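J.: Got a structure here, written out as structure tokens. Questions coming.
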Amino acid sequence: MTSVTAAPYDHPDARRLTRALRAEQLGLYGFADDPDTTPEADFAPPTGLFLIFYVGQEAAGCGGVRLLDEHTAEIKRMYVSSDARGHGIGRYLLEHLERHAAGRGVTRFMLETGRRNTAALALYDRTGYLPCPSYVAGRDPRVNRAMTKSLGSSSPR
């Protein structure tokens, strides 16, 4: 049985998953943003949302969305544990986050992922995201890939 639930960003399962994400990023790049420095309020409703995907009682994936401005939202902290990958969990979380934000007037999404994260890049490409200039100051384009999607460009590839 699977389920998805909205949770505070400081929920123990959210912390465990975001720390696992950071550990993977450290392995790929040698450095990573510390998820514990992100304020819990960034993902608090109504301007944000953090989701945890469960397989049975086990937290297997997570993701969040937060408003950058009235019509732009950022997808953050997308992660699926290695043993749960390949089952559409990431896509499910992404679509759920996009629907939530679109229901609040968002017309454009931004996100950032690592250039070596080929699975994430493929997911975002399939769901209509396109490369764009970095929107986060100080990011290295040799490491980070910024992407954007406007509503209406969501046709699967």
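The values are calculated or read from the model by the stated rules, or taken from the named source; none is laboratory data. Keep in mind the model is a prediction, meaning the values are calculated, not measured. So basically every Cβ, Gly included, is an ideal-geometry build from the backbone, and we count neighbours across all protein chains shown. SASA here: full protein model, heavy atoms, side chains in, ligands and nucleic acids out. Shrake-Rupley method; radii C 1.70, N 1.55, O 1.52, S 1.80 Å.
J.: Per the Kirkwood treatment, what hydrodynamic radius in Å, one decimal, follows for the range 103-145 from the mean inverse distance over all distinct Cα pairs? Provide the component values of the computation, followed by the final result.
T.: On the way: mean 1/r = 0.0870 Å⁻¹.
It is 11.5 Å.
J.: Let me ask something additional. In Å², and per residue, what accessible area does the range 1-94 have when probed at 1.4 Å with the other protein chains present?
T.: Values: 4720 Å² over 94 residues.
Accessible area per residue, the range 1-94: 50 Å².
J.: Are there GluC sites (Glu not before Pro) in the range 50-157 that DSSP marks as loop and that have at most 14 other Cβ atoms within 10 Å, and which are they? Let's see the in-between values first.
T.: Numbers: sites: Glu58, Glu70, Glu74, Glu95, Glu98, Glu112; in loops: Glu70.
Qualifying residues, ordered by number: Glu70.
J.: Mind putting a number on the dipole of the range 72-127 about its Cα centre? Charges go on the C-beta only, +1 for Lys and Arg and -1 for Asp and Glu, and I need it in Debye to the nearest 20.
T.: Details: 10 positive and 6 negative charges, 13 e Å.
My answer is approximately 60 debye.
J.: Between Gly61 and residues 5 or more places away or on another chain, which pairs have amide H atoms under 5 Å apart, with H built 1.01 Å from N, and which residues are they?
T.: The answer is Phe53, Ser81.
J.: Expressed as a fraction of 2.2 N^0.38 Å, the rule-of-thumb size for a compact globular protein of N residues, what is the C-alpha radius of gyration of the range 1-147?
T.: Numbers: Rg = 14.3 Å, N = 147, 2.2 N^0.38 = 14.7 Å.
Expressed relative to 2.2 N^0.38 Å, the Cα Rg reads 0.97.
J.: Work out the length of the dipole vector of the range 5-157 about its Cα centre, built from +1 on the beta-carbon of each Lys and Arg and -1 on the beta-carbon of each Asp and Glu, and round it to the nearest 20 debye.
T.: On the way: 20 positive and 18 negative charges, 108 e Å.
Dipole size: approximately 520 debye.
J.: Now a separate question. As a test of reading the structure, rank Asp83, Asp42 by solvent-accessible area (1.4 Å probe, protein chains only), most first. Before the final figure, lay out each step's value.
T.: On the way: Asp83 130, Asp42 40 Å².
My answer, sorted largest first, is Asp83, Asp42.
J.: Restricting to Cα pairs below 8 Å that are 6+ residues apart, what does the relative contact order work out to for the range 1-141? Please round to a whole percent.
T.: Details: 192 pairs, mean separation 27.6, N = 141.
It rounds to 20 percent for the range 1-141.
J.: I would also like to ask the following. Mind jotting down a quarter of the surface of the convex hull over the alpha carbons of the range 1-49, in square nanometres, one decimal?
T.: Values: hull surface 17.0 nm².
Mean orientational projected area (the range 1-49, Cα hull): 4.3 nm².
J.: Right, next: Do any chymotrypsin sites (Phe, Trp or Tyr not before Pro) in the range 48-157 lie in a DSSP loop with no more than 16 other beta carbon atoms within 10 Å, and if so, which? Intermediate values should be presented prior to the final figure.
T.: Details: sites: Phe50, Phe53, Tyr54, Tyr79, Tyr92, Phe109, Tyr124, Tyr129, Tyr135; in loops: Tyr129, Tyr135.
Answer in residue order: Tyr135.
J.: What is the percent carbon and sulfur in the accessible area of the range 34-157, measuring with a 1.4 Å probe over the protein chains and ignoring ligands?
T.: Working: 3230 of 6260 Å².
Summing carbon and sulfur atoms, their accessible area is 52 percent of the total for the range 34-157.
J.: Distance from the Cα centre of the range 1-52 to that of the range 66-125, in angstrom?
T.: The two parts, judged by their Cα centres, are 12 Å apart.
J.: Oh, and also: Over the range 86-157, what is the relative contact order in percent, taking alpha-carbon pairs closer than 8 angstrom and at least six residues apart? Numbers along the way, then the final one.
T.: On the way: 73 pairs, mean separation 26.1, N = 72.
Normalised by residue count, the contact order of the range 86-157 is 36 percent.
J.: For the chain, with a Gaussian network of springs between Cα atoms less than 10 Å apart, report the residue from Leu51, Leu28, Leu111 with the top mean-square fluctuation.
T.: Between Leu51, Leu28, Leu111, it is Leu28 that shows the largest mean-square fluctuation.
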